[in-house]
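Q: To start, I am sharing the structure in question, which I have written as structure tokens.
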Amino acid sequence: MSKPKKTVIEYRNYELPLNFPILLLTGDRWHISDVKSGKLHFHNCLEIGICHSDSGMIEFDNDPVPFNEGDMTFISRNVPHTTYSTKGQASLWSYIFLQPDEMLKGDFGGASPYANVFEDMMQNSQIIINRKEYPEIYFLLRAIMEELEKKEMNYQLSVKGLLLALFMKLMRIYDATNDKKQDDKEVHENAIVIAPALDYIKENYMFNFPIEDLADMCHLSQTHFRRVFGEIMNTSPLCYLNTTRILQSCILLRTTEESILAISERVGFRSVSSYNRHFSEIMGTQPSEWRHRMAKVDKSSILEYTGWMQAQNLTEPQK
């Protein structure tokens, strides 16, 4: 008997604008093909979508869920998925990619009411709802997209206010549909097994810690953890940690006047020589040269990195 075909999972890292981490993709170019992809993907940010036409499937692991015109999707980072249209169709979508914890910093923090619901929703959401059933959410989402498209006076403030209202309503839906499940399990069944390690690195990249700790968080042996991590991320845990540190240092290089040495220490490197070496390997240049070059780069662009961090071309018909 032949072995079942193994699911291929791809990681896509999108570097959003620093001071306003949200990106709108809309227009006639964003059609989804009817060809099913041979792999799932997950992001480093929340994905929100509106289906404007036709129908198809969103597949979470081996769990296909149908979508139709008027459906809205909210998919957390670390949740593998793929989207394809019904045979003979090419559904039209609009997408928003964002970092809600940064956009709404202070509104849903640890001390705020129902912060646990917000955090759980950010980790485990794979919500698909229709505009006929939830017209108020559709209205808020369309209003956010219109503000992001027109970029009129104080649009950032307007977007934040609309997002706050949107997430309050989403939290109520999420809490109502997951109330009975939360006592039984903390992580959604479709969340990848290494998600705890990715989350820990995201929050603690600046510290030194043994890779064995990451394996323990995922309830895997070290050998199995390294193998699974490599299969999903196409890199080792240590390389992923160092890449995370380098990307965080890029933010400091762009937004502060701190010295290269100070930045290297802040992101967790023990020596500036080690930092320079890893920076050159990942970014293709030295930190000082990169800082000078990026001073003139449009901050609204998506940065695409080489190797495993390279974001897939967003203009592809297959999402």
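Q: Restricted to the range 228-239, and to residues that are modelled with pLDDT under 90 and in a helix (DSSP H, G or I), which residue is surrounded by the most Cβ atoms within 10 Å (Cβ to Cβ)? Quick ask: steps written out before the conclusion?
A: We begin by selecting, within the range 228-239, every residue modelled with pLDDT under 90; these are 228-235.
Filter once more, keeping what is in a helix (DSSP H, G or I): 228-233.
Values: Val228: 17, Phe229: 26, Gly230: 14, Glu231: 13, Ile232: 21, Met233: 21.
The selected residue is Phe229.
Q: Continuing with this model, one more query. Take the residues in the range 108-128 that are modelled with pLDDT under 80 and either within 19 Å of Asp199 (Cα to Cα) or acidic (Asp, Glu) (or both), then tell me which one is surrounded by the fewest Cβ atoms within 10 Å (Cβ to Cβ).
A: Taking the candidates together, the pick is Gly110.
Q: For Ile96, only one of the following conditions fails: (1) modelled with pLDDT of 90 or more; (2) aliphatic (A, V, I, L, M); (3) farther than 18 Å from Cys45 by Cα. What is its number?
A: All conditions pass for Ile96, except number (3).
Q: Further, regarding this structure: Report, by residue number, each residue of the range 180-225 that is part of a loop (DSSP other than H, G, I, E, B) and modelled with pLDDT of 90 or more.
A: Within the range 180-225, Tyr205, Met206, Phe207, Asn208, Phe209, Pro210, Cys218, His219, Leu220, Ser221 qualify.
Q: On to the next question. Only one residue in Val65, Val35, Val79 is in contact with a His (Cβ under 8 Å, 6 or more places away or on another chain) and not assigned by TED's automatic domain parsing to the domain that holds Lys202. Which one?
A: Answer to the selection: Val79.
Q: Hey, any hits in the range 143-152 for a residue that's assigned to a loop (DSSP other than H, G, I, E, B), in contact with a Gly (Cβ under 8 Å, 6 or more places away or on another chain) and in the same structural domain as Ser33 (by TED's automatic domain parsing)?
A: We begin by selecting, within the range 143-152, every residue assigned to a loop (DSSP other than H, G, I, E, B); these are 151-152.
From what's left, in contact with a Gly (Cβ under 8 Å, 6 or more places away or on another chain): none.
Taking every residue of the range 143-152 in turn, none turns out to be assigned to a loop (DSSP other than H, G, I, E, B), in contact with a Gly (Cβ under 8 Å, 6 or more places away or on another chain) and in the same structural domain as Ser33 (by TED's automatic domain parsing).
Q: Please name all residue pairs, on different chains or six or more residues apart, with Cβ atoms under 9 Å, provided the first residue is in the range 153-164 and is without any contact (Cβ under 8 Å) to a residue 40 or more places away in the chain and the second residue is assigned to a helix (DSSP H, G or I) and crowded, with 17+ Cβ neighbours inside 10 Å.
A: Within 9 Å, the pairs are Tyr155/Glu147; Tyr155/Leu148; Ser158/Ile144; Ser158/Glu147; Leu162/Leu140; Leu162/Leu141; Leu162/Ile144; Leu162/Glu147.
Q: Sticking with this one: Please indicate, with yes or no, whether at least one residue in the range 53-73 is surrounded by 19 or more Cβ atoms within 10 Å (Cβ to Cβ), under 19 Å from the mean Cα position of the chain (by Cα) and in a loop (DSSP other than H, G, I, E, B).
A: no
Q: Looking at (1) at pLDDT 95 or above; (2) buried (at least 16 other Cβ atoms within 10 Å of the Cβ); (3) of a type outside the set (Lys, Arg), find the lone condition where Pro135 falls short.
A: Evaluating Pro135 over (1) at pLDDT 95 or above; (2) buried (at least 16 other Cβ atoms within 10 Å of the Cβ); (3) of a type outside the set (Lys, Arg) leaves (2) as the failure.
Q: Among the residues of the range 31-52, which ones are over 29 Å from Phe118 (Cα atoms), in contact (Cβ under 8 Å) with a residue 40 or more places away in the chain and part of a loop (DSSP other than H, G, I, E, B)?
A: Scanning the range 31-52 gives Ser33, Asp34, Val35, Lys36, Ser37.
Q: Given Leu162, Leu170, which one is buried (at least 18 other Cβ atoms within 10 Å of the Cβ) and within 21 Å of Gly27 (Cβ to Cβ)?
A: That would be Leu162, the only listed residue that is buried (at least 18 other Cβ atoms within 10 Å of the Cβ) and within 21 Å of Gly27 (Cβ to Cβ).
The values are calculated or read from the model by the stated rules, or taken from the named source; none is laboratory data. Everything numeric here is computed off the predicted structure, so don't read it as measured data. In this analysis, Cβ positions are derived from the backbone assuming ideal geometry, glycine residues included, and neighbour counts consider all displayed protein chains.
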